[in-house]
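The values are calculated or read from the model by the stated rules, or taken from the named source; none is laboratory data. Computed from a predicted structure; not experimentally measured. Neighbour counts are summed over all protein chains in view; Cβ atoms, including those assigned to glycine, are modelled from backbone coordinates with ideal geometry. Just the protein is used for accessible areas: all its heavy atoms, side chains included, with ligands, DNA and RNA removed. Shrake-Rupley method; radii C 1.70, N 1.55, O 1.52, S 1.80 Å.
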Amino acid sequence: QADDYICDYGLADWCSPIDRPQHPAVVTDTAYYYHNAVLMSKMAELMGEPSDKWIELSGNVRKAWREKFLNNEELTSFQTFYACAIYQGLLDEEEIPVYAKKLAQLIEDNGNHIDCGILGTKYIFSALSENGYMDLIYKMITNPTWPSYAYWINKGYKTLCESWDIHDSCNHHMYSEVDHWFYRH
């Protein structure tokens with residue numbers, strides 16, 4: 001389903017709290033394609049099987065992702081873009097602090113709110129925590145205004161909702177990365 005190692009098949013960063021075009025699915029689809037190839041290489045090695053084809057594939061996908069998206073100005077307004085690049089391992093070591101800082105700035109500029117859907121929300125917790133922005137995550141979680149976890153709690157909800165505006169399921173796992181964050185970080 002990939003064309004020149006770029007995969008554009010799947011759901012975008014759905015359930016975003018803001019009214020604007022969604023973060024392009026092709027960016028996160030290709031990132032997961034890379035991640036899956038990396039995992040396949042590790043599984044092959046654990047099973048004593050050749051991993052060369054998976055290592056080569058992951059290198060090709062990473063290169064294609066970087067060439068197509070890394071310097072794409074249309075993506076620089078998306079928190080999901082920066083968080084995905086960090087979380088999925090698509091950056092070189094020296095690029096990570098720069099991207100983490102840009103991600104943090106986008107969140108701060110948005111009143112300490114995330115503006116992404118389910119995929120970006122998953123990435124943001126690790127991307128920020130592993131790069132020295134734990135205090136910003138705490139501000140996001142405890143921010144009493146919409147969209148935030150504290151907003152849900154202050155409205156009387158004791159479970160996770162499917163959407164930030166509370167009009168869908170009110171017992172859903174879509175934004176449960178916050179639970180993982182409490183245990184991991």
Fill in the blank from the handout: With criteria (1) farther than 28 Å from Ile114 by Cβ; (2) assigned to a helix (DSSP H, G or I); (3) open to solvent by 80 Å² or more (accessible area, probe 1.4 Å), Glu49 comes up short on (2)
Completion exercise
Restricting attention to segment 78-103, the residues that are buried (at least 21 other Cβ atoms within 10 Å of the Cβ) and more than 21 Å from Val38 (Cβ to Cβ) number exactly 3
Handout entry: Residue that is surrounded by the most Cβ atoms within 10 Å (Cβ to Cβ), among those in segment 12-37 that are assigned to a loop (DSSP other than H, G, I, E, B) and of a type in the set (A, V, I, L, M)
Key = Ala12
Fill in the blank from the handout: Checked segment 134-160 for anything open to solvent by 50 Å² or more (accessible area, probe 1.4 Å), more than 14 Å from Asn110 (Cβ to Cβ) and either of a type in the set (D, E, K, R) or within 17 Å of the chain's Cα centre (by Cα) (or both); matches are Met134, Asp135, Lys155, Lys158
